[in-house]
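Read-outs: derived from the displayed coordinates by stated rules, not from any lab. Computed from a predicted structure; not experimentally measured. Ideal geometry is used to build each Cβ from the backbone, glycine not excepted, and the neighbour counts take in all protein chains shown.
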Amino acid sequence: MNINECCYIVNEKIKSNSVDINKYVTTENMISNFGGIKQANSIPAGSITKVEPNDILISNIRPYFKKIWLSSIYGGCSSDIICLRAREGHNAKYIYYNLVTDNFINVFVKSAKGTKMPRGEKSVLLNYPIHNVTHTEQQHIVDIVRTTY
């Protein structure tokens with residue numbers, strides 16, 4: 001199974017003024033090495049991508065910084081963030097744990113185009129393979145991995 005079979009890219013937009021500064025994510029406030037997020041400095045005017053809890057946010061700029069976060073908020077993100085949402089029957093945490101690996105980062109980095117601000121290819125992300133296991137097995141794996149973090 002690949003990411004496209006268990007997730008989709010969120011394209012739903014909301015007005016940026018409907019989001020509190022603590023609920024906005026951009027590449028600048030994502031922490032490298034899968035470190036989560038910190039408070040943003042500002043929110044741009046206009047529309048931003050809607051974010052919900054358990055969405056997987058991936059910085060599309062300079063993927064070698066390993067900026068991936070499993071959302072715990074209702075909020076919004078910049079267009080430089082790929083927002084993935086698990087399809088019904090798939091565990092977002094299981095998918096997230098498949099993406100916070102050196103193997104995924106290496107594949108995504110190799111797909112990056114550009115020199116100053118390289119961006120990963122969404123098609124490579126969507127075609128990235130993960131093990132196809134039952135929902136029960138996904139939860140069991142999540143429970144095991146969670147105890148090791």
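I want the local charge near residue 67. Using Cβ-Cβ distances under 11 Å, sum +1 for each Lys or Arg and -1 for each Asp or Glu among the other residues.
0
Test of the criteria: in segment 39-139, which trypsin sites (Lys or Arg not before Pro) are in a DSSP loop and have at most 10 other Cβ atoms within 10 angstrom of their Cβ? Working shown, then result.
Working: sites: 50, 66, 67, 85, 87, 93, 110, 113, 116, 119, 122; in loops: 66, 67, 87, 116.
When the trypsin sites (Lys or Arg not before Pro) of segment 39-139 are filtered for loop state and at most 10 Cβ neighbours within 10 Å, 116 remain.
Net charge dipole, the chain: roughly 480 debye, given to the nearest 20, about the Cα centre with Cβ charges of +1 for Lys and Arg and -1 for Asp and Glu. Amide H to amide H distances under 5 Å link residue 7 with 87, where only residues 5 or more positions off or on other chains count and H is placed in the peptide plane. Projected label points at residue 31 and residue 147, each 7 Å from Cα along the beta carbon direction, are separated by 2.5 nanometres. Pairs to check: 23/66; 93/122; 23/116; 15/93; 13/122; 66/122. Give those whose C-alpha atoms are more than 22 Å from each other in this structure. Going by Cα-Cα distance, 23/116; 15/93 fall outside the 22 Å limit. Here each label is just a point 7 Å from Cα along the line to Cβ, and for residue 88 and residue 22 those points are 3.4 nm apart. Kirkwood hydrodynamic radius of the chain, from the reciprocal of the average inverse Cα-Cα distance over all distinct pairs: 15.6 Å. Taken along the Cα-to-beta-carbon direction at a fixed 7 Å, the label points for residue 103 and residue 12 span 3.2 nm.
With contributions of -39500 (n - 2.57) from each DSSP H run of at least four residues, the per-residue ellipticity at 222 nm computed over the chain stands at -7500 deg cm²/dmol.
Across the chain, the longest run free of exposed loop sites, meaning GluC sites (Glu not before Pro) lying outside DSSP classes H, G, I, E and B with no more than 13 other Cβ atoms within 10 Å, spans 13-87.
You can think of it this way: the chain between residue 127 and residue 54 has 24.2 nm of extra reach, that is 0.36 nm per residue less the Cα-Cα gap.
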